[in-house]
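Report on the following structure.
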Amino acid sequence: MFKEFRDFAIKGNAIDLAIGVIIGAAFGTIVSSIVDDIFMPIIGLVLNGIDFSNLFVVLNNPNNIPVPSLAAARAAGVATLNIGLFINAVVKFIIIAFVLFLVVKGINSLKREEKKEEAAAPAAPSKEEVLLTEIRDAIKAQGAPRA
């Protein structure tokens, strides 16, 4: 069983998958930073200073505790509907989905070019075809009248 696992782990596909997951996690962190630290503050500024990370609706506050921010609401145990965090997550998803779309589109165009090159290059005759051609030519040479 250990040998099977080792063979699986060292295959190219498993290693490629592991590298892809690690790069994807790092890319997700970068996208989160771009959205949280650059895009949303600019969008909030354009929309009269709305801070999307603090955009929430109080669902239940039985003790009427003042909740000026989402952090205060969480600390007080107040139930909230976190609209701003959801908007941030949607923007992050759209950015990641768009980048992945571009990557897949690029890979597909490379595959199409590769197929065109394969189709353009004629296939070399097989060993059997070469041998049969040589035999045919030898037979023709034997049966040809001599001058």
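The values are calculated or read from the model by the stated rules, or taken from the named source; none is laboratory data. Quick caveat: nothing in here was measured; it's all calculated off a predicted structure. Here Cβ is always computed from backbone atoms with ideal geometry, including for glycine, and neighbour counts include all displayed protein chains. Areas reflect the complete protein model, heavy atoms only, side chains present, ligands, DNA and RNA absent. Shrake-Rupley method; radii C 1.70, N 1.55, O 1.52, S 1.80 Å.
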In the set LEU55, LEU81, LEU85, the lone residue that is touching a Gly at 6+ places or on another chain (Cβ under 9 Å) and either surrounded by 13 or more Cβ atoms within 10 Å (Cβ to Cβ) or touching a residue at least 24 places away in the same chain (Cβ under 8 Å) (or both) is LEU55
Of ASN108, ASN63, the only residue that is farther than 30 Å from GLY20 by Cβ, loosely packed, with under 11 Cβ neighbours inside 10 Å and either touching a helix residue (DSSP H, G or I) at 6+ places or on another chain (Cβ under 6 Å) or polar (S, T, N, Q) (or both) is ASN63
How many residues of the range 13-27 are over 15 Å from the mean Cα position of the chain (by Cα) and either part of a loop (DSSP other than H, G, I, E, B) or among the small types (Gly, Ala, Ser) (or both)? The answer is 1
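From ARG136, ARG146, which residue is open to solvent by 60 Å² or more (accessible area, probe 1.4 Å) and modelled with pLDDT of 90 or more?
ARG136
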